[in-house]
Every structure is written in C-alpha cells, then in structure tokens.
Amino acid sequence: MLRVLSVAFPSAPVSPDAVGGAEQILSSLDRALVMAGHESLVIACEGSQVAGRLIPVPASDGLIDAAARQRVHAKHREAITHALTRNRIDLVHLHGIDFWAYLPAPGVPVLVTLHLPPSWYPREALSPNRSSTWLHCVSPSQHRMCPPSAVLLPPIENGVSVEEFARARHAKRTFALALGRICPEKGYHVALDAAHHGRRPLLIAGQVYPYGEHHRYFHEEIEPRLDRHRRFLGPVGFARKRRLLAATRALLIPSLVEETSSLVAMEALASGTPVIALPNGALADIVEHGRTGFLVRDAREMSDAIEAAGNVCPERCRKVARERFSIRQMVDEYLRLYRSLAT
C-alpha cells in the first residue's frame, strides 16, 4: 500500500466541483488512490472535499496580496512538515504554481506536476538542485515549451470522466458557453464580443478568485459587456456543468495564453459539444479543426464558428473523447509513476 501526500495550491479548494484544472486533477487522483486501496492525504484549504484524509489549512481572507501569500506559504510548510513527521509518507505530490515556496526537506520522494505555462514559474524552480525530486508536464505541448535547462519526466496527459459526460444527453439550445476562472488571460471579453457580433446568447460560468487583477478585469471588461442575452452565472457544480455542456451549441475557449491542457474542452467533446478556441498551446492539439470544433484567430472568426458549430457531429466528438481523453489512462500512468518513485 502506498501512502501519498498531495499538496494543493493554497488558495483554491479541492473537490469534484473545483473550477481549476489542477484542483480537479488532484481530486481525481485522490479518489483513484482510495479506490485502489492506497492511503491518500491531501493538504488543501478549508472547505475542500476529498476521498482520503484532508489536512486543512486556513483559507485566505480577503484579497490575496504579497503578504497574504507569505502567510499561506508558511501555513503550507508547517502542514507539510507536520504530516511528514506524523506519517510514513511514500511520496509527496505537489500541484501548486508556487510549489518551490513550500518544498519539503530533502528525503521523501517529491513529484511536482506543472499545471501552468512554464514561463509562469521561476526558471530555477524548473531545475531543482536536489535529489529525489521530479517534475513533469500535463501535455506534450507544455513539455515542448519548457526551457532546455528544465529536468523533466515524460508528460502525463490530463484526462476526464468521459463516460459521465457522455451519459448527459440534452437537446441542443442556441446559447454558447464559456467556463473557467475569470481572469485576464482567459480572455472572456473576446467570447462576449463574438456573441455580441453574432447576436448569439452566451452564458459564462466560473469563479472570480480574490486577486485584485481578477476583480478589476471582471468589473472593467466583463460586466460592461453583459446584458439579458449575455449572462454571468458564477460558479457551477459538476451536475449543472454537465447539463450546460450537453445543451450548449458550442463551448468557447478564448484563452490568450499558451494553455497547457484544457479539461473543459475534453469535457465538452465527451458531451458531444464542439469546441471553438484560439489555437494557443495545447488547445491546438485538443481541437481538430472542422471535425470536433474550430480554431479561430479573433472574435469575428469565433462568431462565424458559432454559426458553423451546428454542422459538427456530436457522436464524432464523443468518439474522439473516448479515444483520447480517458481519465482511466491518466490515473493508471500516475499510479505506475507513484510506485516507481516511491521505491
């Protein structure tokens, strides 16, 4: 039996309903460990829901600034040290973008999953000068973006519960949909411009996290573009997300950064829904232009693609998702890697 300590990003709760991809992947691995008879310990903020044993740390109160980050990093370091002292841990698995701020002391094997673009990490964090510490990416595209100095294991591609989304059947409606964190790099203002240009209803569902820049983006770029046909729903749980993905005409992903993966794109395809995205990072590998969606350059092309989305075959989308994005394959690769690194 393995005993794995998973460490989440300090400011985002872990649960099956989590908005962030890193938190969703951690939640899936936590469940898989428990189902396979292993012991799963998870360090995450208060309010998280895990299948194994939660080691809660205080959630951030108010806007997150530099001082708040220092406080949560100190709490994370304290929780990790305490967990390693009280338990025989075989492997520590870190998922946070700020993982280098709370790396445990050398000794226990450490795996770091890089969930975000490599340029978002300090260069020295990608080449840790310590033994028994390994890093890896979540897609070949992200792996290729890493600097040559980075010391990486082969990537393990993200996956989703294809069958759960494929079972949700709903008559297609006229609205387009966008899902995820509400922040400047996600580019939801582009999706709103596309919807206005094509006079198409749009629903945006997601979380505005307590960062000053995120709040400014929502109030300055998103709110002024909303009306009775273009609406912001806020966070949605798994069940509602599944219904929305099954019913929407198309999922819009107007991300302005090099995406390392896209769980919501995989979930949409598993639901039989085409994806319309800017071809940034891994999105260009996930979306098969003209077959499972469209890769576009701007809001006007996105608007035209929403009209064309009705010509994309839902069953073809589901078939591609079954063949390429199964969570079972991802989980099996992680469990094999856990066993290898722990020994």
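In the stretch 131-169, the qualifying residues are those that are in contact with an Asp or Glu (Cβ under 7 Å, 6 or more places away or on another chain) and β-branched (V, I, T), and the one that is surrounded by the fewest Cβ atoms within 10 Å (Cβ to Cβ) is I156. Candidates L233, L256: the one that is more than 29 Å from Q49 (Cα to Cα) and either free of Cβ contacts under 8 Å to residues at least 60 places away in the same chain or part of a loop (DSSP other than H, G, I, E, B) (or both) is L256.
Within the stretch 141-156, is there a residue that is at pLDDT 95 or above and closer than 16 Å to A8 by Cβ? No, the stretch 141-156 has no match at all. Output the residues belonging to the stretch 296-343 that are outside any helix (DSSP H, G or I), more than 20 Å from L94 (Cα to Cα) and either of a type in the set (K, R) or over 20 Å from the mean Cα position of the chain (by Cα) (or both). Scanning the stretch 296-343 gives V296, R297, D298, V312, C313.
Scanning the stretch 49-73 for residues that are at pLDDT 95 or above and within 19 Å of F99 (Cα to Cα) gives L54, I55, P56. Look at (1) in contact with an Asp or Glu (Cβ under 6 Å, 6 or more places away or on another chain); (2) surrounded by fewer than 18 Cβ atoms within 10 Å (Cβ to Cβ) and you find that R123 fails only one, number (1).
Would a scan of the stretch 237-251 turn up a residue that is in a helix (DSSP H, G or I), surrounded by fewer than 19 Cβ atoms within 10 Å (Cβ to Cβ) and in contact with a Lys or Arg (Cβ under 9 Å, 6 or more places away or on another chain)? Within the stretch 237-251, not a single residue is in a helix (DSSP H, G or I), surrounded by fewer than 19 Cβ atoms within 10 Å (Cβ to Cβ) and in contact with a Lys or Arg (Cβ under 9 Å, 6 or more places away or on another chain). Of all residues in the stretch 261-295, those that are touching a helix residue (DSSP H, G or I) at 6+ places or on another chain (Cβ under 9 Å) and not in a loop (DSSP other than H, G, I, E, B) total 18.
Looking at A282, A277, A270, which one is closer than 19 Å to E23 by Cα, within 17 Å of the chain's Cα centre (by Cα) and modelled with pLDDT of 95 or more?
Answer to the check: A282.
Taken over the stretch 170-185, the criterion of being among the small types (G, A, S) and surrounded by 17 or more Cβ atoms within 10 Å (Cβ to Cβ) is satisfied by A176, A178, G180.
Determine whether L295 is over 24 Å from H170 (Cβ atoms), modelled with pLDDT of 95 or more and among the aliphatic types (A, V, I, L, M). The answer is yes for L295.
Those strands (runs of 3 or more DSSP E) of the stretch 3-94 that lie entirely within it include none in which at least 2 residues are among the aliphatic types (A, V, I, L, M) and surrounded by fewer than 17 Cβ atoms within 10 Å (Cβ to Cβ). How many residues does the stretch 248-291 hold that are among the polar types (S, T, N, Q) and within 21 Å of S27 (Cβ to Cβ)? Adding up the residues that qualify gives 4.
The values are calculated or read from the model by the stated rules, or taken from the named source; none is laboratory data. The shown structure was predicted, so the numbers you read here are calculated from the model rather than taken from an experiment. When we count neighbours, we look across all protein chains shown, and the Cβ atoms used for this are built from the backbone with ideal geometry, even at glycine.
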